[in-house]
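Visitor: Let me give you the structure first, and then I'll get to my questions.
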Amino acid sequence: MRIGLLAMSGVRAHDKKLLELGLTLPGFVERSKVIASLPSLGLLYLAACTPAGHEVHYFEAEADGAEPPEVYGFDLVAISTFSAQIFEAYAIADRLRNAGVRVAMGGLHVSVLPEEASLHADYVVVGEGENVWPAVVEAAASKAPAARFDSSSFAPVEIAALPVPRYEILGRRTYNRYTVQTTRGCPWRCDFCASTVMLKAPYRRRPVDQVARDISVIQHLYPNSFMEFADDNTFVDKQWGKELCRSLLPLRAKWFTETDVSVAEDTELLELMCRAGCREVLIGFESPSAAALAGLEQRADRKARWAPQYADSIRRIQSAGIAVNACFILGLDGQTTSVFEEILRFVAEVNPFDVQITALTPFPGTPLYERLVRENRILQPGAWHLCTLFDVNYQPAGMTPQELREGLYRLGEHIYSEEATRNRRRGFFAQRSRETT
Ligand code: B12
Ligand code: SF4
């Protein structure tokens, strides 16, 4: 059988004013360019789990949501998408099925709303894909009727036995970064979080030698490439994190990852991360002070407890030579319009190398979404295309939707201006050199 793997690629935002502004803001444009091109690691894992005897090819539906014509020449097309591009993905699936091609769909959104997806796909997969995929391929090969496959009904994905994702099928297309996973999931529970938790899979660490193995494969295929760890929260376990860094030392790789702020508590870990090639960590601070963070992390209120150390933590991480991409969410229930000024002051004082500001987004399947539905605060129910992190689709508690939008524009203009970006970069280099001199 000929199998086409189709990733929805590119980034999305629909708010016209924000798009117009974004195009003129250097810091924003730079960051979008870096992240807009990443391959779908989920599909590369499926490729590696495809039973022998089938031909597998990788494609991307470009930023306009159009599928490449070649996909019509396949027996089965597997589509992977998040919420923001789900309608584009459904439209592609409908066209493929009308043309007689079987379609399988999976990923974060489909795992939460399988009934919706089954209106558009023959085979709908809920949860992680590696353990289910051979059964999907078998179903398509035998032209079995439409069905849903739930990962939890199969033997659990064995984290220590994950194959090397088939990076070689990406071919000659160049990517800014290649994705590798070192961990799956996150043990914490933030009420807005729509990452791996949507797959209902537990938090797991991979054997560090296998992570090094995957990176070596990428380096062999695509020399000098930059790695992005497609993790939710890499350094929850500090001892394992140190082992990981030690195993990466000989590879001389350069990498970016997402982690929580507790990484700042361990100087030895920070030093090892830097030596092992960590160039930047993305950290969800969400809001500069504890008041707006109470109850956000539902297991132990971690984000509220960490908040008083936010500024010190950023300085410690950056002094170790690792840039911080500080992420803030606008429109949390505990925030009022004063939060815009508060964030501006915080970043001007502390100088994280990069800053990311997004609007609170009720992704389906999250506790946040359930709560806002109960409180009748979703503006356009079912408008999943607005799940971009930039479009406002709910009634905030401490401001109006328009105040939130205006705040996002204004803060964006300040934060991503050439001057502010330059000042932050200078601040980072000053923090770094203070430590090394
Ligand atoms: C890499 C990445 C991207 C890449 C995606 C490249 C691609 N084409 O896949 C780029 C930069 C393009 C991107 C864009 C966007 N992203 Co993004 N991205 C990530 C990131 C960092 C890692 C994802 C990843 O590789 N995971 C690892 C793989 C192994 O897991 P997986 O994809 O879930 O796949 C497994 C299963 O889901 C399943 N599976 C997946 N697909 C399929 C298909 C089939 C047929 C089957 C059987 C199984 C299956 O099997 C896989 C293996 O178990 C996550 C954050 C994070 N830490 O996870 C955010 C994240 C996924 N992104 C997010 C968002 C919001 C966006 C954007 C909307 C941003 C924007 N404004 O444009 C766009 C939307 C793009 C889209 N396709 O809809 C959200 C999505 C939330 C949601 N539930 O929708 C996340 C979770 C970030 C966050 N914290 O909010 N992103
Ligand atoms: S710390 Fe990050 S990955 Fe973990 S639950 Fe919170 S938002 Fe999600």
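Visitor: Inside the stretch 368-388, can you point out the residues that are touching a residue at least 40 places away in the same chain (Cβ under 8 Å) and either closer than 28 Å to Glu341 by Cα or of a type in the set (A, V, I, L, M) (or both)?
Guide: As a first pass, look at the stretch 368-388 and keep what is touching a residue at least 40 places away in the same chain (Cβ under 8 Å): 368, 371, 384-388.
Result: Leu368, Arg371, Leu386, Cys387, Thr388.
Visitor: Run down Val180, Val101 and say which single residue is touching a residue at least 12 places away in the same chain (Cβ under 8 Å) and not assigned by TED's automatic domain parsing to the domain that holds Glu60. Show your work before the answer.
Guide: Working: Val101 fails: not assigned by TED's automatic domain parsing to the domain that holds Glu60.
It is Val180.
Visitor: To continue, here is another question. Looking at the stretch 194-239, which of its residues are within 16 Å of ligand 2 (Cβ to nearest atom) and of a type in the set (S, T, N, Q)?
Guide: In the first step, residues of the stretch 194-239 are kept if they are within 16 Å of ligand 2 (Cβ to nearest atom); the result is 194-205, 228-238.
Answer for the stretch 194-239, where residues must be within 16 Å of ligand 2 (Cβ to nearest atom) and of a type in the set (S, T, N, Q): Ser195, Thr196, Asn233, Thr234.
Visitor: Among the residues of the stretch 112-123, is any assigned by TED's automatic domain parsing to the domain that holds Thr361, within 16 Å of ligand 2 (Cβ to nearest atom) and not polar (S, T, N, Q)? Give the derivation first.
Guide: Taking the stretch 112-123 as the starting set, the residues that turn out to be assigned by TED's automatic domain parsing to the domain that holds Thr361 are none.
No, every residue in the stretch 112-123 fails to be assigned by TED's automatic domain parsing to the domain that holds Thr361, within 16 Å of ligand 2 (Cβ to nearest atom) and not polar (S, T, N, Q).
Visitor: If you don't mind, there's one more thing I want to ask. What's the number of the only condition in (1) of a type in the set (D, E, K, R); (2) surrounded by 16 or more Cβ atoms within 10 Å (Cβ to Cβ); (3) free of Cβ contacts under 8 Å to residues at least 60 places away in the same chain that Glu419 fails to meet?
Guide: Every condition holds for Glu419 apart from (2).
Visitor: Farther than 19 Å from Ala140 by Cβ, away from ligand 2 (no atom under 16 Å from the Cβ) and either under 16 Å from the mean Cα position of the chain (by Cα) or small (Gly, Ala, Ser) (or both): which single residue out of Ala84, Ala78, Ala48 fits that description? Give the derivation first.
Guide: Working: Ala78 fails: farther than 19 Å from Ala140 by Cβ; Ala48 fails: farther than 19 Å from Ala140 by Cβ.
After ruling out the rest, the residue left standing is Ala84.
Visitor: Sort out which residues of the stretch 178-233 are small (Gly, Ala, Ser), away from ligand 1 (no atom under 14 Å from the Cβ) and within 28 Å of Glu286 (Cβ to Cβ), and write them in order of number. It would help to see each step written out before you state the result.
Guide: Keep residues of the stretch 178-233 that are small (Gly, Ala, Ser), which gives 185, 194-195, 201, 212, 216, 225, 230.
Filter once more, so that each one left must be away from ligand 1 (no atom under 14 Å from the Cβ): 212, 216, 225.
Hits for the stretch 178-233: nothing passes.
Visitor: Taking the stretch 276-306 as the region of interest, how many residues are of a type in the set (Gly, Ala, Ser), assigned to a helix (DSSP H, G or I) and touching a strand residue (DSSP E or B) at 6+ places or on another chain (Cβ under 8 Å)?
Guide: Qualifying residue count, the stretch 276-306: 2.
Visitor: How many of the residues in the stretch 151-162 are within 11 Å of ligand 1 (Cβ to nearest atom) and not polar (S, T, N, Q)?
Guide: So in the stretch 151-162, the residues within 11 Å of ligand 1 (Cβ to nearest atom) come out as 151, 157, 159, 162.
Remaining after also requiring not polar (S, T, N, Q): 157, 159, 162.
Matching residues across the stretch 151-162 total 3.
Visitor: Right, next: If a residue has to be within 16 Å of ligand 1 (Cβ to nearest atom), buried (at least 23 other Cβ atoms within 10 Å of the Cβ) and closer than 21 Å to Phe226 by Cα to count, how many in the stretch 258-277 make the cut?
Guide: Residues that pass the stated criteria total 1.
Visitor: I'm trying to understand the selection: among the residues of the stretch 287-305, which are out of contact with any Ser or Thr (no Cβ under 7 Å at 6 or more places or on another chain) and buried (at least 20 other Cβ atoms within 10 Å of the Cβ)? Please lay out each step first, then the result.
Guide: Pass one, the stretch 287-305, residues out of contact with any Ser or Thr (no Cβ under 7 Å at 6 or more places or on another chain): 287-292, 294-305.
Ser287, Pro288, Ala292, Leu296, Glu297, Lys303, Ala304 - these are the residues of the stretch 287-305 that are out of contact with any Ser or Thr (no Cβ under 7 Å at 6 or more places or on another chain) and buried (at least 20 other Cβ atoms within 10 Å of the Cβ).
Visitor: Mind listing just one residue for me: the one in the stretch 156-193 that is surrounded by fewer than 20 Cβ atoms within 10 Å (Cβ to Cβ) and small (Gly, Ala, Ser) and, of those, nearest to ligand 2 (Cβ to nearest atom)?
Guide: Ala160
Visitor: Would you mention how many residues in the stretch 243-264 are within 15 Å of ligand 2 (Cβ to nearest atom), not in a strand (DSSP E or B) and not small (Gly, Ala, Ser)?
Guide: Initially, the stretch 243-264 is screened for residues within 15 Å of ligand 2 (Cβ to nearest atom), giving 257-264.
Filter again for not in a strand (DSSP E or B), leaving 259-264.
Restricting the remaining residues to those that are not small (Gly, Ala, Ser) gives 259-261, 263.
Total satisfying the criteria: 4.
Visitor: Counting only residues that are assigned to a helix (DSSP H, G or I), in contact with a Pro (Cβ under 9 Å, 6 or more places away or on another chain) and crowded, with 19+ Cβ neighbours inside 10 Å, how many does the stretch 327-349 have? Full working, then the answer.
Guide: Initially, the stretch 327-349 is screened for residues assigned to a helix (DSSP H, G or I), giving 338-349.
So of that shortlist, the ones also in contact with a Pro (Cβ under 9 Å, 6 or more places away or on another chain) come out as 339, 342-343, 345-347.
The next check asks that each one be crowded, with 19+ Cβ neighbours inside 10 Å; those that pass are 339, 343, 346-347.
Matching residues across the stretch 327-349 total 4.
Visitor: While we're looking at this one, here's another question. Taking the stretch 194-217, which residues are among the small types (Gly, Ala, Ser) and either surrounded by 18 or more Cβ atoms within 10 Å (Cβ to Cβ) or under 25 Å from Thr81 (Cβ atoms) (or both)? So that I can check it myself, show each step before the final result.
Guide: Step one: list which residues in the stretch 194-217 are among the small types (Gly, Ala, Ser), which gives 194-195, 201, 212, 216.
Residues satisfying the conditions are Ala194, Ser195, Ala201, Ala212.
Visitor: Is it the case that some residue within the stretch 368-390 is hydroxyl-bearing (Ser, Thr, Tyr), within 16 Å of ligand 2 (Cβ to nearest atom) and within 25 Å of Trp188 (Cα to Cα)? Steps first, please.
Guide: Applying the first criterion (hydroxyl-bearing (Ser, Thr, Tyr)) to the stretch 368-390 yields 369, 388.
Narrowing further to those that are within 16 Å of ligand 2 (Cβ to nearest atom): 369.
With the extra rule that they be within 25 Å of Trp188 (Cα to Cα), the set shrinks to 369.
Checking the stretch 368-390: at least one residue is hydroxyl-bearing (Ser, Thr, Tyr), within 16 Å of ligand 2 (Cβ to nearest atom) and within 25 Å of Trp188 (Cα to Cα).
Visitor: For the stretch 218-242, name all the residues that are crowded, with 17+ Cβ neighbours inside 10 Å, touching an Asp or Glu at 6+ places or on another chain (Cβ under 9 Å) and part of a helix (DSSP H, G or I).
Guide: Answer for the stretch 218-242, where residues must be crowded, with 17+ Cβ neighbours inside 10 Å, touching an Asp or Glu at 6+ places or on another chain (Cβ under 9 Å) and part of a helix (DSSP H, G or I): Gly241, Lys242.
Visitor: While we're on this one: Give Leu411, Leu372, Leu386 a once-over and let me know the one that is among the hydrophobic types (A, V, I, L, M, F, W, C), surrounded by 15 or more Cβ atoms within 10 Å (Cβ to Cβ) and touching a Pro at 6+ places or on another chain (Cβ under 6 Å). Give the derivation first.
Guide: Values: Leu411 fails: touching a Pro at 6+ places or on another chain (Cβ under 6 Å); Leu386 fails: touching a Pro at 6+ places or on another chain (Cβ under 6 Å).
Going through Leu411, Leu372, Leu386 in turn, just one is among the hydrophobic types (A, V, I, L, M, F, W, C), surrounded by 15 or more Cβ atoms within 10 Å (Cβ to Cβ) and touching a Pro at 6+ places or on another chain (Cβ under 6 Å): Leu372.
Visitor: I would also like to ask the following. Could you say whether any residue in the stretch 301-308 is of a type in the set (Lys, Arg) and closer than 19 Å to Arg425 by Cα?
Guide: In the first step, residues of the stretch 301-308 are kept if they are of a type in the set (Lys, Arg); the result is 302-303, 305.
Narrowing the set further to residues that are closer than 19 Å to Arg425 by Cα leaves none.
Within the stretch 301-308 (the criterion being of a type in the set (Lys, Arg) and closer than 19 Å to Arg425 by Cα), the answer is no, since none of the residues qualifies.
Visitor: Within the stretch 110-122, how many residues turn out to be touching a helix residue (DSSP H, G or I) at 6+ places or on another chain (Cβ under 6 Å), in contact (Cβ under 8 Å) with a residue 40 or more places away in the chain and farther than 22 Å from Pro165 by Cα? Please lay out each step first, then the result.
Guide: Start the filter on the stretch 110-122 by keeping residues that are touching a helix residue (DSSP H, G or I) at 6+ places or on another chain (Cβ under 6 Å), which leaves 110-112, 117, 120-121.
Filter once more, keeping what is in contact (Cβ under 8 Å) with a residue 40 or more places away in the chain: 111-112, 121.
Among the residues that remain, those that are also farther than 22 Å from Pro165 by Cα are: 112, 121.
Counting residues in the stretch 110-122 that are touching a helix residue (DSSP H, G or I) at 6+ places or on another chain (Cβ under 6 Å), in contact (Cβ under 8 Å) with a residue 40 or more places away in the chain and farther than 22 Å from Pro165 by Cα gives 2.
Visitor: Hey, another quick one. Are there any strands (runs of 3 or more DSSP E) wholly within the stretch 62-155 with 2 or more residues that are surrounded by fewer than 21 Cβ atoms within 10 Å (Cβ to Cβ), and if so which? Outline the logic, then answer.
Guide: Numbers: elements: 76-80, 102-106, 123-126, 147-150.
The qualifying strands (runs of 3 or more DSSP E) are 147-150.
Visitor: Report every pair of residues separated by at least 6 positions or lying on different chains whose Cβ atoms are under 7 Å apart, first residue within the stretch 142-170 and farther than 13 Å from Gly129 by Cβ, second more than 13 Å from ligand 1 (Cβ to nearest atom) and assigned to a helix (DSSP H, G or I).
Guide: Val164/Arg213; Val164/Val217; Tyr167/Val217; Tyr167/Ile218; Tyr167/Leu221; Glu168/Leu221
The values are calculated or read from the model by the stated rules, or taken from the named source; none is laboratory data. Since the model is a prediction, treat every value here as computed from it, not as a measurement. Here Cβ is always computed from backbone atoms with ideal geometry, including for glycine, and neighbour counts include all displayed protein chains.
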